[in-house]
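K.L.:
Sharing a structure here in structure tokens format.
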Amino acid sequence: MNRCEIDPARGGLRGEVTIPGDKSVSHRAVIFSSLAEGSSYVRNFLCGEDNYRTVEAFRRMGVPIEEKGDNLLRIQGRGLDGLKEPEDVLDCGNSGTTIRLLSGLLAGQPFFSVLTGDQYLRKRPMKRVVKPLSEMGARIWGRSQGDLPPLAIHGGRLRPISYDSPIASAQVKSALLLAGLYCDGVTTVREPCLSRDHTERMLPFFGADLHPVAGGVALTGRPRLHGCEVTVPGDISSAAFFMVAALIVPHSELLIRNVGVNPTRDGIIEALRRMGGDLELVDERLAAGEPVADILVRGSRLKGIEIGGSLIPRMIDEIPVFTVAAALAEGTSVVRDAQELRVKETDRIASMTSELTKLGGEVEARPDGMVITGRERLQGGKVLSHGDHRIAMSMAVAGLRALSPVEVEDIACTATSFPGFWVLLGRLAGFEGH
Ligand code: S3P
């Protein structure tokens, strides 16, 4: 069944949960391992549909990738020049990270490839990577003057560039760094504020030479990469649904184990704390260069806040669930500078505005964000995911504080980033997840 009914939570969410591995880190671990010489092991790999798209793409380019069970992958890397031309179109499904990072990588390959995706991905802008990659010398074609997938790429010799990205985007930054691996010389990428830095943290483990420059990062091309062991931290973007769930349901006390708290990703913790949320980081540690902690969350009275500026890229994927917290907080919250939400898996400003409104939320959409006036409880009703995993999960969390059941329709999309979400939430909140 492609829907789930959420009953209002009767008591607090209590106990412990462990969140699956980080989606962004899992993609990068597969990509860099495939380009390394020798075997790599990826532990706590996220077995979500998006990440399998990346795995499948590399298998089609001749990289043996074995699933050893228990979220462990063994990847026999082919070296920087060991990929083979794929025989068919590479289908990136719903995954923006797969299509954009692979565009950068394929731009440096001496062969022809075509990348496509599902109906949502084929509407997402690619010019942001196509333009700088073309400046590096790649030949890339796509619908709508090269902006929309499918993308056809004739890779080859590239020249390094120094690029000032107009947007803070880890996908753009990482695509250019991947292309930069194939250049003689130094590729530099600057961004208006820092986006997630998993690529910069992980590539040096494999042997690449990266160093920070003012406002960005520089990479020396043609390194020799060697196999590694990567342990993927739990995904803070997935943990965020449980943070908000525990905060909005009174008497909750929930320990979320093994969450990546990289400072370029932890904006949701900062925002929820500013709202008055009781979130405590326990046992902070490092795993494969990424900061990790357990997060203890207690039910809290939240108040409205304003978010904008450099906080936005640090919590971009968590803004849908932030709006749920805001809809149940005292006073008004404002989201500014978040126009990037309009070009995610769906237009998340439009999707969250329409779905929260169906539950009696008071939300006004703006070109670059939303104004949300909070209330004590939401109403029950039927809501849609719009085919967007984070909208589906955000609305499920909202259902915990509605006065009557909330039916979320079209929930299969949650498998892209969080298989097991419904069962986990159902177990904690006492409804039947499936
Ligand atoms: C991602 C970067 C972010 C994020 C996406 C994953 C990544 O996108 O929204 O879910 O893994 O690099 P942008 O780089 O487009 O901001």
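The values are calculated or read from the model by the stated rules, or taken from the named source; none is laboratory data. None of these values were measured; they are calculated from a predicted model. For neighbour counting, all protein chains shown are included, and Cβ atoms are generated from backbone atoms with ideal geometry for every residue, glycine included. Surface areas here come from the heavy atoms of the whole protein model, side chains and all, with no ligands, DNA or RNA. Shrake-Rupley method; radii C 1.70, N 1.55, O 1.52, S 1.80 Å.
K.L.:
Can you name the residue in region 213-230 that is among the small types (Gly, Ala, Ser) and in contact with a Lys or Arg (Cβ under 9 Å, 6 or more places away or on another chain) and, of all such residues, is surrounded by the fewest Cβ atoms within 10 Å (Cβ to Cβ)?
P.N.:
Looking at the filtered set, the residue picked out is 214.
K.L.:
Give region 1-29 a look and list any residue that's of a type in the set (A, V, I, L, M) and in a helix (DSSP H, G or I), or say none. So that I can check it myself, show each step before the final result.
P.N.:
Here is the first cut: in region 1-29, the ones of a type in the set (A, V, I, L, M) are 1, 6, 9, 13, 17, 19, 25, 29.
Those that are of a type in the set (A, V, I, L, M) and in a helix (DSSP H, G or I): 25, 29.
K.L.:
Related question: I'd like to check something: does region 424-432 contain any residue that is among the basic types (Lys, Arg), open to solvent by 50 Å² or more (accessible area, probe 1.4 Å) and within 21 Å of the chain's Cα centre (by Cα)?
P.N.:
No, because not a single residue in region 424-432 is among the basic types (Lys, Arg), open to solvent by 50 Å² or more (accessible area, probe 1.4 Å) and within 21 Å of the chain's Cα centre (by Cα).
Every residue, every condition in (1) open to solvent by 10 Å² or more (accessible area, probe 1.4 Å); (2) in the same structural domain as residue 56 (by TED's automatic domain parsing); (3) over 19 Å from residue 141 (Cβ atoms), yes or no:
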| residue | (1), (2), (3) |
| --- | --- |
| 81 | yes, yes, yes |
| 102 | no, yes, no |
| 106 | no, yes, no |
| 109 | no, yes, no |
| 116 | yes, yes, no |
| 119 | yes, yes, yes |
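K.L.:
Which residues, counting only those in region 323-379, are within 22 Å of residue 302 (Cα to Cα) and either at pLDDT below 95 or among the β-branched types (Val, Ile, Thr) (or both)?
P.N.:
Listed by number, the residues that qualify are 323, 324, 332, 334, 335, 349, 353, 357, 363, 371, 372, 373.
K.L.:
Pairs, please: C-beta under 8 Å, at least 6 apart or cross-chain, first residue within 12 Å of residue 393 (Cβ to Cβ) and in contact (Cβ under 8 Å) with a residue 12 or more places away in the chain and in region 419-434, second assigned to a helix (DSSP H, G or I) and of a type in the set (Lys, Arg)?
P.N.:
433/427
K.L.:
If you don't mind, there's one more thing I want to ask. For residue 397, state whether it is in a strand (DSSP E or B) and in contact with a strand residue (DSSP E or B) (Cβ under 9 Å, 6 or more places away or on another chain).
P.N.:
no
K.L.:
OK, next. Suppose we filter region 59-95 for residues that are touching a strand residue (DSSP E or B) at 6+ places or on another chain (Cβ under 9 Å) and within 16 Å of the ligand (Cβ to nearest atom); how many remain?
P.N.:
Of the residues in region 59-95, 1 are touching a strand residue (DSSP E or B) at 6+ places or on another chain (Cβ under 9 Å) and within 16 Å of the ligand (Cβ to nearest atom).
K.L.:
Hand me the list of helices (runs of 4 or more DSSP H) wholly inside region 96-201 holding 3 or more residues that are away from the ligand (no atom under 14 Å from the Cβ).
P.N.:
127-135, 143-146
K.L.:
Show the residue pairs meeting these rules: Cβ distance below 8 Å; 6+ apart or different chains; first residue within region 44-64 and open to solvent by 10 Å² or more (accessible area, probe 1.4 Å); second residue among the acidic types (Asp, Glu).
P.N.:
Cβ pairs passing all conditions: 53/91; 56/91; 60/87; 60/88.
K.L.:
Just need a number here: residues in region 2-27 that are within 16 Å of the ligand (Cβ to nearest atom), of a type in the set (D, E, K, R) and open to solvent by 10 Å² or more (accessible area, probe 1.4 Å).
P.N.:
Qualifying residue count, region 2-27: 1.
K.L.:
Now, a different point. Can you go through 348, 342 and tell me which one is under 15 Å from residue 241 (Cβ atoms), of a type in the set (Lys, Arg) and either buried (at least 24 other Cβ atoms within 10 Å of the Cβ) or within 16 Å of the ligand (Cβ to nearest atom) (or both)?
P.N.:
After ruling out the rest, the residue left standing is 348.
K.L.:
With the structure loaded, tell me whether residue 132 is in the same structural domain as residue 45 (by TED's automatic domain parsing), under 18 Å from residue 160 (Cβ atoms) and out of contact with any helix residue (DSSP H, G or I) (no Cβ under 8 Å at 6 or more places or on another chain) or whether it fails that test.
P.N.:
no
K.L.:
Separate question: Which number in (1) assigned to a helix (DSSP H, G or I); (2) open to solvent by 20 Å² or more (accessible area, probe 1.4 Å); (3) within 15 Å of the ligand (Cβ to nearest atom); (4) not aromatic (Phe, Trp, Tyr) marks the one condition that residue 391 misses?
P.N.:
All conditions pass for residue 391, except number (2).
K.L.:
Here is a follow-up. Under 6 Å between Cβ atoms, which residue pairs at least 6 apart in sequence (or on different chains) link something in region 345-358 that is in the same structural domain as residue 409 (by TED's automatic domain parsing) with a partner that is open to solvent by less than 50 Å² (accessible area, probe 1.4 Å) and in a helix (DSSP H, G or I)?
P.N.:
Hits for this filter: 348/320; 348/341; 349/341; 351/391; 352/320; 352/323; 355/395; 356/327.
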